[in-house]
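Here, each number is a calculation from the coordinates, and none is a lab measurement. Because the structure is a prediction, the values reported are computed rather than measured. In this analysis, Cβ positions are derived from the backbone assuming ideal geometry, glycine residues included, and neighbour counts consider all displayed protein chains.
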Amino acid sequence: MTTAHTSTDTPLNTTWKNAPTHTIDVGGVAFAYRQLGPDTGVPVIFLTHLAAVLDNWDPRVVDGIAAKHRVITFDSRGVGASSGSTPTSIEEMAKDAVMFIRALGFDRVDLFGFSMGGMIAQVIAQQEPQLVRKMILAGTGPAGGEGIDKVTRISYLDTARGLLTGQDPKQFLFFTRTANGRRAGKQFLARLKERTSNRDKAISVRSFRAQLKAIHRWGEQAPADLASIHQPVLVINGESDKMVPAKNTVDLDRRLPNSQLVVYPDAGHGGVFQFHEDFVKRALEFL
């Protein structure tokens, strides 16, 4: 088990490509995580998307935010190198994330939730408001949001499409089919391969199914009242998101009392990765 605190003010690691993977035991679950950036200040906890492990974060986004802030990414329960079995509800995943954050000794964090991670972030902000300073919610929507209950079908279809064409399903799920979208998808997938040593384990089929069930349940819930979330929130998506339709992002912005909205043109679910330079700049200004 490793702890996350040292008293130095120097960056822990230079890049996401080389950041070591640690584990911390929390109530019998070994959570795998990586930390980089300065070792002081409010950390930014990254909450990841459906089927993702540590290696699915865009190095440009992690390194960009870690240039100014301590960044911590982790595999949730049962995913990648973390032990245990994956919960089938967003609420349970949020509870796990809070336990992980507290085990590292933090009582105040910023959250960057992408897709499913954005759903988890909303629950954390509602249930543990004193823990959260600011939030960035990308490619996500509120509980009961339009089209979220169709994520399972779309995921299976595009995974099959990827297998049939020998391409990564994220090329279809995260990016548009325009020339820009295809190019951005290829560049993103190439960046994900930059880390060559100590890579994470892929998600198991069982965990993937548990996550799909959780997202489906989220989509079927009664529309959420987010009026209790008073923290500043940056809400962001691509205009052509087929996984969590962009109208959810607009809806999220409307429901949150203290939010700002960014919608990227000719971009899909992975808009923050396609426009990573602009996103990092905005994220740093916001944080």
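Comparing Thr140, Thr73, Thr159 in a Gaussian network model of the chain, where Cα atoms under 10 Å apart are tied by springs, the biggest mean-square fluctuation is seen for Thr159.
Comparing Val71, Thr86, Asn56 along the charge dipole axis of the stretch 55-95, the residue lying farthest to the positive side is Val71, per the Cβ-charge model. Amide hydrogen proximity for Val132: with H placed 1.01 Å from N in the peptide plane, the residues at 5 or more positions away or on another chain lying under 5 Å are Val109.
Each Cα pair under 8 Å and six or more residues apart adds its separation to the average, and for the chain the resulting relative contact order is 21 percent. Placing a pseudo-label 7 Å from each Cα along the Cα-to-Cβ vector at Ala179 and Arg209 gives an inter-label distance of 4.4 nm. From least to most packed, judged by other beta carbons within 10 angstrom and beginning with the fewest, Asp25, Asp158 follow the order Asp25, Asp158.
A simple rule links phi to the HN-Hα coupling: the Karplus curve 6.51 cos²θ - 1.76 cosθ + 1.60 with θ = phi - 60°, which for the stretch 61-70 gives 6, 4, 4, x, 6, 5, 4, 10, 9, 5 Hz, with x for Gly and Pro. Placing unit charges on each Cβ (+1 for Lys and Arg, -1 for Asp and Glu) gives the chain a dipole about its Cα centre, and among Pro257, Asn237, Thr196 the Cα reaching farthest toward its positive end belongs to Thr196. Look at Asp55, Asp110 and count the other Cβ atoms within 10 Å of each Cβ; fewest to most, that gives Asp55, Asp110. Taking a quarter of the surface of the Cα convex hull of the stretch 65-132 gives a mean projected area of 4.8 nm². Overall, the chain carries a charge dipole of about 700 debye about its Cα centre when +1 sits on the Cβ of Lys and Arg and -1 on the Cβ of Asp and Glu, all other atoms neutral.
Given the Cα-Cα distance of Ser197 and Ala67 and 0.36 nm per residue of separation, how much length would full extension add, in nm? Display every interim value, and only then the final one.
Working: separation 130, 0.36 × 130 = 46.80 nm, distance 2.20 nm.
Here the answer is 44.6 nm.
Distant-in-sequence amide contacts of Val262, defined by a placed amide H-H separation under 5 Å and a gap of 5 or more residues or a different chain, comprise Val235, Ile236, Asn237. Full extension of the segment from Glu285 to Val42, taken as 0.36 nm per residue of separation minus the current Cα-Cα distance, would add 86.0 nm. Rg ratio for the chain: its Cα radius of gyration over 2.2 N^0.38 Å, N being its residue count, equals 0.92. Highest average first, the peptides 47-54, 113-120, 244-251 ordered by how many other beta carbon atoms sit within 10 Å of their residues are 113-120, 47-54, 244-251.
Could you work out [θ]222 nm for the chain from helices alone, using -39500 (n - 2.57) per DSSP H run of at least four and dividing by all its residues? Round to the nearest 500 deg cm²/dmol. Please list the in-between numbers first.
On the way: 10 runs with 108 residues, N = 287.
Using -39500 (n - 2.57) per qualifying helix, the result is -11500 deg cm²/dmol.
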